[in-house]
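One structure, as structure tokens, below. Some questions next.
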Amino acid sequence: MSQFQKKTQITRIERFSSDIVRLTLLAPDIASIAKPGQFVMVRTGNGKEPLLRRPFSISQTSNGKHFQILFKVVGRGTSLLSHCREGEFLSILGPLGHGFTVDCQRLNCLVGGGMGIAPLLFLGKTLSRVCPENTPLVVLGARNREELEPLVQDFHELGLNVHPATDDGSLGHHGLVTDVLKKLDLGDDCEMFVCGPHPMMTAVHFFCRDRGFSCQVSMETSMACGMGACLGCIVPVKNGAYAHACSDGPVFDSKELLWQVS
Amino acid sequence: MASELNSVDLRVSIASLNLKNPVMTASGTFGYAREFEPYVNLHRLGAVVVKGISLEPRFGNPPPRIVETSCGMLNAIGLENVGVERFISEKMPALQQANVPVFVNILGDTLDEYREIASRLAGIEGVAGIEVNISCPNVKKGGVAFGTVPEMAAAVTAVVKENSTVPVMVKLSPNVTDITVIAKAVEDAGADAVSLINTLIGMAINHRSRKPALANVIGGLSGPAIKPVALRMVYQVARAVSIPVVGIGGIETAEDVLEFMLAGATAVQIGTANFVNPRASEEAVEGLARHVATESLGSIRELIGGLILP
């Protein structure tokens, strides 16, 4: 598997709301081989503080030259990134991990919540290209309209219809994405692609288990290296063992993981 | 310039083992080395130290296992590893191809376990040395005592030494009152070298959730934050023992390596920096070569213990 450590130039910065930012980076080595569900490790500064890189899903590639990351400012690392300027360079490791596996013969359903929507845009774009006869269903949730609307717009530009849900009802269904899923006609051979907050992924996993659907989940954990060395990014699997989000995932068949009903 | 740097003498020796340069990678930060092949020319490193191996496979601690702290990180991995048998059958063949000396870091809960692992590794092709972990803070069983009680540290050292065919380096814990006492104890028990420091025991708390940041509650602190402590302990131990000292703790660059060598280290290990910059170890080698060339030193060995005291 090819991986690179590159100084990549920021070519575009989009601010979707007070705390949601999307960066476009010029990185042909990475963009040309990245697959949906893979991620990069980004150094947020040149100093010793913050020390560690931050993991981000690749939210989209274009022309085999650029890729994008989407994030919400939650701490010092993302705050520093949000203050970058166009033309500056960031040190990137990637593409890392195993992405989504797609099958054009099935009904594909993308389910994203919050910043977990990021890798699903890349997946939606890829599905539109490789399975042109098979339009995927898209269900996206977020806190409110301000957060969700710009992300929904990206899917519309791909020609994909979106079923939105918000916590406050300001856009689409007032409530959870699983409420929306229950009302959709998903047939009997559906494959779900899920990324979002852990409670949401847990709910979708159990929904799929009950219906007999396949379910691929992209897991987010804290991570130091992103390449299988630190062993910090574990997710519980059966029999007391652990898988590593960076090297075994971040995309897993949800049946392989251990889920707890909260 | 390139050819000039290639001819620079960076060689150092750990007992009978000759290394092409003093830069090693620290156990637990470099996987089984192959993970870093996209970034690093492994054959250019002095040696690699692989993830700690126990007699039986271990799952390790529950998550969260790591948390970033100021200029460093805490980890409580809990010694997750594939066990000595799978290490030999699955990991060692690839390492044999890598053309770099391999130190196998070993750990156990009892003297018998250390003895058993050492004897299983004896004679395995490609194992250049053993690093004995007597100092991991993250397991609840007897492991900690081996690193903190001089008699027990000596007993582990003697057992491994008796059952090994390669140089034995003992990795020391900084979580003791006087690290030189432990260093002298393992030297007397036959250790060929000591490496230090392992992580400092620390803790982080999330005041909002009122929970510890690590599921294990406590963990080991590493990274630039611990470098001054490591440098001090290397300095003290190098003056107390006559076997080679391998410096570890917050080393990122060639300048850091030079500081540890001046303090008395014969070689060093780069740890947490590998996570931030996977090329850190190779870049340190390149930086050392430039330093030796521009300072017109006969060899890098001239710097070992060369600290000028006031």
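The values are calculated or read from the model by the stated rules, or taken from the named source; none is laboratory data. Nothing here was measured: the structure is a model prediction, and the numbers come from that model. Neighbour counts are summed over all protein chains in view; Cβ atoms, including those assigned to glycine, are modelled from backbone coordinates with ideal geometry.
Residue by residue, here is whether (1) in the same structural domain as A:Arg129 (by TED's automatic domain parsing); (2) more than 18 Å from the chain's Cα centre (by Cα); (3) surrounded by fewer than 19 Cβ atoms within 10 Å (Cβ to Cβ) holds:
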| residue | (1), (2), (3) |
| --- | --- |
| A:Asp179 | yes, yes, yes |
| A:Lys182 | yes, yes, yes |
| A:Cys190 | yes, yes, no |
| A:Phe193 | yes, no, no |
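Let me confirm something: among B:Glu56, B:Glu80, B:Glu85, B:Glu151, which residue is acidic (Asp, Glu), surrounded by fewer than 18 Cβ atoms within 10 Å (Cβ to Cβ) and within 22 Å of B:Arg34 (Cβ to Cβ)?
That would be B:Glu85, the only listed residue that is acidic (Asp, Glu), surrounded by fewer than 18 Cβ atoms within 10 Å (Cβ to Cβ) and within 22 Å of B:Arg34 (Cβ to Cβ).
Can you tell me how many residues in region B:234-293 are farther than 24 Å from A:Cys230 by Cα and within 14 Å of another protein chain (Cβ to nearest Cβ)?
1
On to the next question. Please go through region A:202-249 and pick out each residue that is under 26 Å from A:Thr178 (Cβ atoms) and aromatic (Phe, Trp, Tyr).
A:Phe206, A:Phe207, A:Phe213
Note down all Cβ pairs under 6 Å where the first residue falls in region B:58-71 and is more than 7 Å from every other protein chain (Cβ to nearest Cβ), the second is assigned to a loop (DSSP other than H, G, I, E, B) and of a type in the set (S, T, N, Q), and they're at least six residues apart or on different chains.
Filtered contacts from region B:58-71: B:Asn61/B:Asn216.
Tell me the residue from B:Arg86, B:Arg44 that is modelled with pLDDT of 95 or more, among the charged types (D, E, K, R) and under 19 Å from the mean Cα position of the chain (by Cα), please.
Being modelled with pLDDT of 95 or more, among the charged types (D, E, K, R) and under 19 Å from the mean Cα position of the chain (by Cα) holds for just one of B:Arg86, B:Arg44, which is B:Arg44.
For every residue, the table says whether it meets (1) aromatic (Phe, Trp, Tyr); (2) under 12 Å from B:Leu55 (Cα atoms); (3) part of a loop (DSSP other than H, G, I, E, B).
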{"site": "B:Leu74", "(1), (2), (3)": "no, no, no"}
{"site": "B:Gly78", "(1), (2), (3)": "no, no, yes"}
{"site": "B:Arg86", "(1), (2), (3)": "no, yes, no"}
{"site": "B:Pro93", "(1), (2), (3)": "no, no, no"}
{"site": "B:Asn99", "(1), (2), (3)": "no, no, yes"}
{"site": "B:Asp109", "(1), (2), (3)": "no, yes, yes"}
{"site": "B:Glu113", "(1), (2), (3)": "no, yes, no"}
{"site": "B:Ile117", "(1), (2), (3)": "no, yes, no"}
{"site": "B:Ile124", "(1), (2), (3)": "no, no, yes"}
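This table checks each residue for (1) surrounded by fewer than 19 Cβ atoms within 10 Å (Cβ to Cβ); (2) within 13 Å of chain B (Cβ to nearest Cβ); (3) free of Cβ contacts under 8 Å to residues at least 40 places away in the same chain.
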site	(1), (2), (3)
A:Asp19	yes, no, no
A:Arg22	no, no, no
A:Ser32	yes, no, yes
A:Met41	no, yes, no
A:Glu49	yes, yes, yes
A:Leu90	no, no, no
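Tell me which of these B:Val229 doesn't satisfy, since it passes every other one: (1) closer than 19 Å to B:Leu45 by Cβ; (2) in contact with a Pro (Cβ under 7 Å, 6 or more places away or on another chain); (3) not in a loop (DSSP other than H, G, I, E, B).
B:Val229 satisfies all of (1) closer than 19 Å to B:Leu45 by Cβ; (2) in contact with a Pro (Cβ under 7 Å, 6 or more places away or on another chain); (3) not in a loop (DSSP other than H, G, I, E, B) except (1).
Could you list all residues from region B:91-108 that are more than 14 Å from every other protein chain (Cβ to nearest Cβ) and surrounded by fewer than 17 Cβ atoms within 10 Å (Cβ to Cβ)?
B:Pro93, B:Gln96, B:Gln97, B:Asn99
Let me ask another. Could you list all residues from region A:233-242 that are within 11 Å of chain B (Cβ to nearest Cβ) and surrounded by fewer than 19 Cβ atoms within 10 Å (Cβ to Cβ)?
Correct list: A:Pro236, A:Val237, A:Asn239, A:Gly240, A:Ala241.
For B:Lys51, all conditions in the list (1) within 17 Å of B:Val276 (Cβ to Cβ); (2) part of a strand (DSSP E or B); (3) among the charged types (D, E, K, R) hold save one; what is the number of the exception?
It is condition (1) that B:Lys51 fails.
Determine which single condition B:Thr165 fails, assuming it passes every other condition in (1) outside any loop (DSSP other than H, G, I, E, B); (2) in contact (Cβ under 8 Å) with a residue 24 or more places away in the chain.
Just one mismatch for B:Thr165, condition (1).
Evaluate the following for A:Arg15: is it away from chain B (no Cβ under 14 Å), at pLDDT 95 or above and touching a strand residue (DSSP E or B) at 6+ places or on another chain (Cβ under 9 Å)?
No; evaluated as a whole, the condition is false for this residue.
Among the candidates A:Cys230, A:Cys246, A:Cys208, single out the residue that is within 12 Å of another protein chain (Cβ to nearest Cβ), farther than 22 Å from A:Lys125 by Cβ and more than 14 Å from the chain's Cα centre (by Cα).
Criteria check complete, one pass: A:Cys230.
Among A:Glu88, A:Glu49, which is modelled with pLDDT of 95 or more and more than 30 Å from A:Arg145 (Cα to Cα)?
A:Glu88
Out of all the residues in region B:256-268, is one or more among the aliphatic types (A, V, I, L, M), under 11 Å from the mean Cα position of the chain (by Cα), within 20 Å of B:Arg290 (Cβ to Cβ) and buried (at least 24 other Cβ atoms within 10 Å of the Cβ)?
yes
If you check B:Val168, B:Val156, B:Val176, B:Val186, which single one turns out to be in contact with a Lys or Arg (Cβ under 7 Å, 6 or more places away or on another chain) and within 28 Å of B:Arg115 (Cβ to Cβ)?
Unique residue meeting the criteria: B:Val168.
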